[in-house]
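**Student:** Structure incoming, see below.
A short reminder: the numbers here are calculations on the coordinates, not readings from a lab. What you see is a predicted model; the values in this text were computed from it and never measured. Every residue, glycine among them, receives a Cβ derived from its backbone with ideal geometry; neighbour counts consider all protein chains shown.
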Amino acid sequence: MAPDATAPLALTIPDALTGPGAKKPKLIDSSDGLGSDAAFRVASALSSLNVQRLCAADSVDAFARRVIARGDAPEHFYVFDLAAVLERWRVWTTSLPRVTPFYAVKCNPDRAMLTLLASLGTGFDCASPAEIELVRSLGVGPERIIYAHCCKMQADIAHAAGVGIQLTTYDTEAELDKIAKGHPDVGLVLRIRADDVAARCNLGDKYGSEEQEWEPLLAAAKARGLSVVGISFHVGSGATNPAAFPIAVAKAREAFNMAQAMGFNMRVLDLGGGYSGNLTGGVTMAAVAAALNSALEEHFPAAEGVRVIAEPGRYFAEPGMTLYTRVFGKRVRERAGQDSRYYWVADGVYGSMNCLIYDHAVLAVRHFPEQEGAVAPGPLLPTTIYGPTCDGMDTLMRGCPLPELQLGDWLQWPSMGAYTLAAGSAFNGFDSQAVDVHYVFTGAQ
Ligand code: PLP
């Protein structure tokens, strides 16, 4: 089952799934590129999760084949390779050494991934009391949380005050009235608008203050005796233009200067999300890091002592999760003069594939033969894949070239970790959260 927000983690891997070399799993150590303190924390986190460490000769796909071969595999399941999360963290810390990631929990609140990130010392971007409580339940203190929601309910502000949240974002005057009433001591971060107009998901229409609003919003905070301590932006999720980041940093500098001139003690710059890692399109980390590092040097030199954080979601969550679905329905039909195939699988747009709608995702799928290297016979045929519900909209792929499949054959969906399970529903009685998630850690020596 996908871990729920509060349940204790009890992840066990049945013996039947043990792969080559896994009998003596080597816990992570400093040879994995971590300092010894971090290596110890990560090793403890992984062993507390009982994650299956796979040796270098083993793989996620081989593990998935062992799940399938067991004979009692459900209609669909995930394999989550936590090594992908660690790798992303390594690349982040070497590419953006001045920027502390505050992982955006909304993207995928998977408790095992959060535990790993917490052990690596990241902070967390939370947008609701439930997310704050989830992160707190891992032993993360309020100083490692930013309540990065510009428009909060009064009761939620009271909750944040109760647990000692020290940073929150705002971009309207009305928000300041609620904060003055419920948490006047919190450090305010003014969110400014700085869009990558080509981002996959625009956020700037809803959040982020326009330039002409900065001064009145800062003055409104001053008038209420509140402390503005930082500036944030989000260029848009799934950004595609690396140049959007330095443009946003330059804008943030202007807002910083304005706030400093008004007497605020400005000490936080929050670079938001939008980092894709370029698996399914979007900016590469190398391009963003090059652009951001020089923009930071120009506008926020290290000597100034401003704390720089960011709120990456997709970057950490996307690569590690692979979904496997069994074909449980089939139709053969001629369409527009072409022999076509139609298959049904157990996950759909009301489940993990809600990303097709809300995240404007483009999914990849391939046939996953039970025997490695096996090839389904016959030509590739134009294929439609449906989700399990009765809704016609629950259609995942159209015209996708796949070999002829039979009931019981498997499909593999890579890079399914971002904005997938997080927003799945139980529409039509198909509970998308009731999916098995197997946790592995690839690459052991
Ligand atoms: N921060 C905020 C306030 C967001 O709304 C989001 C996503 O919507 C994120 C961070 C994470 O963005 P991404 O997954 O693109 O990094």
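**Student:** Is the shape of the stretch 82-206 best called rounded, prolate or oblate, per the rule: a/c under 1.5 gives rounded, else a/b larger than b/c gives prolate, else oblate, with a ≥ b ≥ c the square roots of the Cα gyration tensor eigenvalues?
**Tutor:** oblate
**Student:** Here's another thing I want to ask about it. Based solely on its DSSP helices, what 222 nm [θ] is calculated for the chain when runs of n ≥ 4 H residues each add -39,500 (n - 2.57) and the sum is averaged over all residues, nearest 500 deg cm²/dmol?
**Tutor:** Calculated at 222 nm, the ellipticity per residue is -9000 deg cm²/dmol.
**Student:** Sticking with this one: Please check the chain for the longest run free of GluC sites (Glu not before Pro) that are loop-located per DSSP (anything but H, G, I, E, B) and have at most 13 other Cβ atoms within 10 Å.
**Tutor:** The reported range is 1-209.
**Student:** Then there's this: Just need the relative contact order of the chain here, percent rounded to a whole number, with Cα pairs under 8 Å and 6+ apart.
**Tutor:** 20
**Student:** With charges only on Cβ, +1 for K and R and -1 for D and E, what is the dipole size of the chain about its Cα centre, in debye, rounded to 20?
**Tutor:** Dipole size: approximately 520 debye.
**Student:** Further, regarding this structure: Output wanted: per-residue J couplings in Hz (rounded whole) for the stretch 345-359, from phi through Karplus 6.51 cos²θ - 1.76 cosθ + 1.60, θ = phi - 60°, x for Gly and Pro.
**Tutor:** 10, 7, 10, x, 5, 8, x, 4, 7, 4, 4, 4, 8, 7, 10
**Student:** Within 10 Å, count the other beta carbons around each residue, average over each peptide in 188-194, 269-275, 310-316, and list them highest first.
**Tutor:** With the highest mean Cβ count within 10 Å placed first, the list reads 269-275, 310-316, 188-194.
**Student:** By its C-alpha gyration tensor, with a ≥ b ≥ c as the square roots of the eigenvalues, how is the stretch 82-317 shaped: rounded for a/c under 1.5, else prolate for a/b larger than b/c, else oblate?
**Tutor:** oblate
**Student:** Taking 0.36 nm per residue of separation and subtracting the Cα-Cα distance, what length does fully extending residue 287 through residue 161 add?
**Tutor:** The residue 287-residue 161 span can extend by a further 41.5 nm.
**Student:** Computed over the Cα atoms, what is the radius of gyration of the stretch 297-419 divided by 2.2 N^0.38 Å, N being its residue count?
**Tutor:** For the stretch 297-419, the normalised Cα radius of gyration comes out at 1.44.
**Student:** Please compute the Cα-Cα pair-distance distribution of the chain with 10 Å bins starting at 0, giving whole percents from short to long.
**Tutor:** Spelled out per bin, shortest first, that is 4, 20, 28, 25, 15, 7, 2, 0.
**Student:** Sticking with this one: What is the Rg over Rh value, at two decimals, for the stretch 48-102, using alpha-carbon atoms and the Kirkwood definition of Rh?
**Tutor:** Here the Rg-to-Rh quotient is 1.13.
**Student:** Something else: Quick one: dipole size for the stretch 82-317, taken about the Cα centre, charges +1 on Lys/Arg Cβ and -1 on Asp/Glu Cβ, in debye to the nearest 20.
**Tutor:** The dipole magnitude comes to about 500 debye.
**Student:** Follow-up question, since we're still on this one. Over the stretch 82-317, what is the relative contact order in whole percent, taking alpha-carbon pairs under 8 Å and six or more residues apart?
**Tutor:** The normalised contact order for the stretch 82-317 reaches 20 percent.
**Student:** For the stretch 267-385, what is the charge dipole size about the Cα centre, in debye to the nearest 20, if Lys and Arg each add +1 at the Cβ and Asp and Glu each add -1 at the Cβ?
**Tutor:** 640
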